[in-house]
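The values are calculated or read from the model by the stated rules, or taken from the named source; none is laboratory data. Here the structure is a predicted model, which means the values were calculated and not measured. Note that we place each Cβ from the backbone using ideal geometry, even for glycine, and neighbour counts take in every protein chain shown.
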Amino acid sequence: MKKAALYFRVSTAEQSISSQRYDLIQLAEQRGLEVVREYSDVGISGTKARRPGLDALMADARRKKFSVVLVAAFDRIARSTRNFLHVIDELESLEIEFISRREGVATGDAMGRLFVTIISAIAELERSLVVERVKSGMRRARLEGRHIGRARLDVDRQQVVLDRRSGMSLTQVARKHSISRASVCRLMKEGNENPVTAALSPAVERAQRAGAGR
């Protein structure tokens with residue numbers, strides 16, 4: 001007899017998992033499965049990828065504590081296609097069958113695997129369409145002359161590098177040029193990679209030593 005785990009989820013604390021539990025225990029009996037574990041998330045949205053009950057189920061799945069997972073419906077596992085497929089893919093890699101009562105889908109049979117494949121293909125199509133829309137929007141923005149990405153700092157970059165190399169602290173340089181300390185570090189890194197700016201450093205140091213000697 002195969003060992004099965006039941007997973008329940010309700011979105012609010014006022015809701016009860018009792019009806020889901022009754023239906024899944026009945027389904028397990030019909031399929032000749034032994035229920036060895038039960039997991040639940042109460043008052044937690046299905047949009048969240050990480051949930052205590054689901055996390056515990058996946059952890060025990062990796063320990064091979066059962067070979068079948070039963071849920072009342074797809075949306076009990078996740079409301080996001082991406083999150084749903086992530087769970088199904090991992091269960092499949094662990095050779096654990098997934099059964100959903102409402103949809104009548106079981107990944108242990110050919111029709112169930114076909115159904116999951118179709119869902120995966122649709123999800124991939126959705127991702128491709130999103131990427132294409134983003135790229136199209138970026139192309140349109142460039143044609144319209146709009147800036148894409150982080151705005152360039154309106155600052156004398158070479159002076160920032162020289163000020164820092166002259167001995168000023170990160171905070172002093174940042175305050176002088178009205179930029180963040182992170183921006184100072186980034187400009188310093190760019191300056192070190194720039195052979196022209198880097199070549200100025202010895203000259204600055206000589207000027208400092210000459211000034212100190214006066």
Suppose we filter 128, 93, 67, 80 for residues that are farther than 20 Å from residue 13 by Cα, surrounded by 13 or more Cβ atoms within 10 Å (Cβ to Cβ) and at pLDDT below 95; which single one remains? 80
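For segment 1-110, which helices (runs of 4 or more DSSP H) that fit wholly inside it have 2 or more residues that are within 21 Å of the chain's Cα centre (by Cα)? Talk me through it step by step, then tell me what you get.
On the way: elements: 18-30, 52-62, 74-77, 81-93.
Counting at least 2 such residues, we get 52-62, 74-77, 81-93.
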So is residue 142 modelled with pLDDT under 85, among the charged types (D, E, K, R) and over 30 Å from residue 23 (Cβ atoms) or not? yes
Using beta carbons and a limit of 7 Å, which pairs, at least six apart or on different chains, have the first residue in segment 116-142 and outside the structural domain of residue 106 (by TED's automatic domain parsing) and the second one part of a helix (DSSP H, G or I) and at pLDDT 75 or above? 116/88; 119/81; 119/85; 120/85; 123/81; 123/82; 123/85
Does residue 41 satisfy the criteria of being surrounded by 21 or more Cβ atoms within 10 Å (Cβ to Cβ), within 18 Å of residue 102 (Cβ to Cβ) and in contact (Cβ under 8 Å) with a residue 24 or more places away in the chain? yes
Lone unmet requirement of (1) surrounded by fewer than 17 Cβ atoms within 10 Å (Cβ to Cβ); (2) modelled with pLDDT of 90 or more for residue 87: (1)
Within the set of pairs 6+ apart or on separate chains, which have a first residue in segment 9-36 that is surrounded by fewer than 18 Cβ atoms within 10 Å (Cβ to Cβ), a second that is assigned to a loop (DSSP other than H, G, I, E, B) and modelled with pLDDT of 95 or more, and C-beta atoms under 6 Å apart? 36/66
